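**Q** Dropping the structure in here first, questions after.
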Amino acid sequence: MPLKKLSKSGVEFSKRVVVVNCLVPLAMLAFDAARGGLGANPLEFITHVTGMLALVFITLSLAVTPVRRLSGMQWLAVHRRTLGLFGFGYAVLHLFAYVWFDKSFAGAAIVDDIAKRPFIAIGMATVAILAPLALTSTNGMIKRLGGKKWRLLHRLAYVAGIGGVVHYFMLVKADTRLPIAFGIVVGALLAFRFADAYVTPRIDALRRSRVAPE
Ligand code: HEM
């Protein structure tokens, strides 16, 4: 398969393709905002778009390792960080849209809203989980923390994925099909990683012990 191995310049090119594609929705949103094309309810439009993009990019970043494992395309690993960072970036924009345009930075109104609508608290907890992951995503931080600790910390990405899905599921009023679909995808990715890390090595060890001569 020609895509299994990419040259260094191929990987660099793929990085640029991913970054440009992650930026396209932001550029489109800015373009729509500049020409006054955000519809009758701009706040709802921005909240919808940024929330959806955050969930999509977080889900895509969680999909990188399973797809890499199944396809053998090891170079895909370089895109996990980019996709996760864009997921976090869109979640921050989503948070800003809420705190700034919806609540005008009124702390009391936000606290009141958290008490009344628990999905807001789940959303905030999700952003709070994503923040240390984004801050420790640099190569320097990987070195400083050590691979083992870093990997352990970054398992929280799954908790963030689940948090995003639960937040979305709790806020939709009637049609829950899309949040459920996201839930199935995130659940399947989590199940794959669990099987890959804990079940497959045990099955392999069992097989090896059975074929080993006495
Ligand atoms: C600081 C944290 C957050 C706050 C305050 C917040 C707030 C909101 C609000 C007010 C809405 C609109 C609810 C409505 O239509 O009634 C919303 C929608 C949404 N949020 Fe969040 N959110 C947060 C974090 C997140 C995160 C981290 C994700 C994803 C990982 C996310 C994904 C979504 C999605 C997918 C929607 C639905 C968009 C739609 O279809 O309209 N949110 N959020």
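**Q** Identify all residues within segment 67-95 that are within 11 Å of the ligand (Cβ to nearest atom) and either among the aliphatic types (A, V, I, L, M) or at pLDDT below 95 (or both); write none if there are none.
**A** Across segment 67-95, the qualifying residues are Ala91, Val92, Leu93, Leu95.
**Q** Another question, if that's okay. Across segment 24-66, what is the number of residues that are loosely packed, with under 13 Cβ neighbours inside 10 Å and away from the ligand (no atom under 14 Å from the Cβ)? Outline the logic, then answer.
**A** Start the filter on segment 24-66 by keeping residues that are loosely packed, with under 13 Cβ neighbours inside 10 Å, which leaves 24, 27-28, 30-31, 34-37, 39-41.
With the extra rule that they be away from the ligand (no atom under 14 Å from the Cβ), the set shrinks to 24, 27-28, 30-31, 34-37, 40.
Qualifying residue count, segment 24-66: 10.
**Q** Suppose the filter is under 26 Å from Met28 (Cβ atoms), within 11 Å of the ligand (Cβ to nearest atom) and more than 15 Å from the chain's Cα centre (by Cα); does Tyr98 pass it? Outline the logic, then answer.
**A** Numbers: under 26 Å from Met28 (Cβ atoms): yes; within 11 Å of the ligand (Cβ to nearest atom): yes; more than 15 Å from the chain's Cα centre (by Cα): yes.
Taking the combined requirement at face value, the residue satisfies it.
**Q** Would segment 121-128 turn up any residue that is out of contact with any His (no Cβ under 9 Å at 6 or more places or on another chain), of a type outside the set (A, V, I, L, M) and either part of a helix (DSSP H, G or I) or more than 14 Å from the ligand (Cβ to nearest atom) (or both)?
**A** No, segment 121-128 has no match at all.
**Q** Quick check on Thr50: is it within 26 Å of Tyr158 (Cβ to Cβ), in contact with a Phe, Trp or Tyr (Cβ under 6 Å, 6 or more places away or on another chain), β-branched (Val, Ile, Thr) and at pLDDT 95 or above?
**A** Values: within 26 Å of Tyr158 (Cβ to Cβ): yes; in contact with a Phe, Trp or Tyr (Cβ under 6 Å, 6 or more places away or on another chain): yes; β-branched (Val, Ile, Thr): yes; at pLDDT 95 or above: yes.
Yes.
**Q** Name the pairs whose Cβ atoms lie under 7 Å apart, with the first residue in segment 51-71 and in a helix (DSSP H, G or I), the second of a type in the set (Asp, Glu), and 6 or more positions between them or separate chains?
**A** Listed pairs, sorted by first residue: Arg69/Asp196.
**Q** May I pose another question? Give the residue that is nearest to Met124 (Cα to Cα), with candidates limited to residues of segment 143-189 that are near the ligand (Cβ under 8 Å from one of its atoms) and assigned to a loop (DSSP other than H, G, I, E, B).
**A** Per the stated criteria, the residue is Val172.
**Q** Starting from segment 151-177, take each residue that is among the aliphatic types (A, V, I, L, M) and list its partners that are more than 11 Å from the ligand (Cβ to nearest atom) and part of a loop (DSSP other than H, G, I, E, B), counting only C-beta distances under 9 angstrom and pairs at least six apart or across chains.
**A** Leu153/Thr136
The values are calculated or read from the model by the stated rules, or taken from the named source; none is laboratory data. The structure displayed is predicted, hence computed values, not measured ones. Heads up, the Cβs are rebuilt from the backbone with ideal geometry, glycines too, and the neighbour counts pull from every protein chain shown.
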